[in-house]
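First up is the structure itself, then whatever we jot down about it.
The values are calculated or read from the model by the stated rules, or taken from the named source; none is laboratory data. Predicted model, so just to flag it, every value in this text is computed and none were measured. Because the Cβ atoms are built from the backbone with ideal geometry, glycine has one as well, and the counts that use them run over all protein chains shown. These accessible areas exclude ligands, DNA and RNA; they are computed on the full protein's heavy atoms, side chains included. Shrake-Rupley method; radii C 1.70, N 1.55, O 1.52, S 1.80 Å.
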Amino acid sequence: PELPVHVATYATGFNRAHTVTVDTTRALLILNGTRQGNVQTGMRVLSLASPSSPTEVASYITDYVHDSWARSDTLFASCISSATMRVFKLNPPNVTELQAWTYPGARTHSAETSRDGRYLYVCDEQNYGTMKVFDIQDLSAHPLIHTITVNPLAIVHNVHVKRDTAFVSYYTEGVRLFDITDPSLPAEWGYYDTYGSFSGGFHGAWEVAPFFPSG
């Protein structure tokens, strides 16, 4: 990892993407918010069966997918422009929408489930936005059961679940850690502030990656 080597470039149908999601179990690379120049070209799904020579196996172009997260064959797609949370069954070449919903104040940026898959944590990327907890045991009902903020002036960005902790990048509020032993009721237990100035705006911690083998 200290000496990366550029082995190939993939540029079929797009030359930019906002974020990438890797389904390591099925060797799929999901590219969110792709563009060809300034033209949106949808969410593209590539096979990594040959990692240095990916091939497209599926796509979704109906709505702009800003970020996504895969759990088994289910894909949770955060569609920030339409303020919509979409859930797909992803079985290439098929991308089948199972459910979609919006909610008051939605600016749906990113989402991830609890370890048991029953709860969905959704981050709204805007000042005064909150991290929301939806009960998705019944996906068609998906009630909002809890909202969380560490500072109402600040922007919540990404959430990642590792065992019984939710790691949240929170822009000006740094990295925040939530105990999700009870996954329906996240409780903050620690933080690391990366930005020592005012609260609010797109400064500070944009992302946190807690999954390295070193821990």
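Quick notes
- Within segment 55-73, if we keep just the residues that are within 17 Å of Gln36 (Cβ to Cβ) and in contact (Cβ under 8 Å) with a residue 24 or more places away in the chain, the residue that is surrounded by the most Cβ atoms within 10 Å (Cβ to Cβ) turns out to be Val65.
- When the residues of segment 74-99 are filtered to those that are more than 13 Å from the chain's Cα centre (by Cα) and open to solvent by less than 10 Å² (accessible area, probe 1.4 Å), the one that is farthest from Val159 (Cα to Cα) is Leu90.
- Within segment 11-22, the set of residues being part of a strand (DSSP E or B) and either closer than 13 Å to Ala77 by Cβ or among the aliphatic types (A, V, I, L, M) (or both) comprises Thr19, Val20, Thr21, Val22.
- Residues that are part of a strand (DSSP E or B) and of a type outside the set (Asp, Glu) within segment 47-74 comprise Ser47, Thr55, Val57, Ala58, Ser59, Tyr60, Ser68, Trp69, Ala70, Arg71, Thr74, listed in sequence order.
- Taken together, the criteria exclude Glu125 from residues that are in contact with a strand residue (DSSP E or B) (Cβ under 6 Å, 6 or more places away or on another chain), within 24 Å of Val20 (Cα to Cα) and surrounded by fewer than 15 Cβ atoms within 10 Å (Cβ to Cβ).
- The listed residue being within 22 Å of Val168 (Cβ to Cβ), open to solvent by less than 30 Å² (accessible area, probe 1.4 Å) and either hydroxyl-bearing (Ser, Thr, Tyr) or touching a helix residue (DSSP H, G or I) at 6+ places or on another chain (Cβ under 6 Å) (or both), out of Thr102, Thr130: Thr130
- For segment 180-212, the set of residues classified as in contact (Cβ under 8 Å) with a residue 12 or more places away in the chain, over 15 Å from Glu112 (Cα atoms), open to solvent by less than 60 Å² (accessible area, probe 1.4 Å) and not aromatic (Phe, Trp, Tyr) consists of Gly190, Ser199, Gly200, Gly201, Gly204, Ala205, listed by residue number.
- Matching residues in segment 104-149 - criterion: being part of a loop (DSSP other than H, G, I, E, B), β-branched (Val, Ile, Thr) and within 21 Å of Glu188 (Cβ to Cβ): Thr130, Thr149
- Positions within segment 23-35 being at pLDDT 95 or above and either open to solvent by 40 Å² or more (accessible area, probe 1.4 Å) or more than 26 Å from His157 (Cβ to Cβ) (or both), in sequence order: Arg26, Ala27, Arg35
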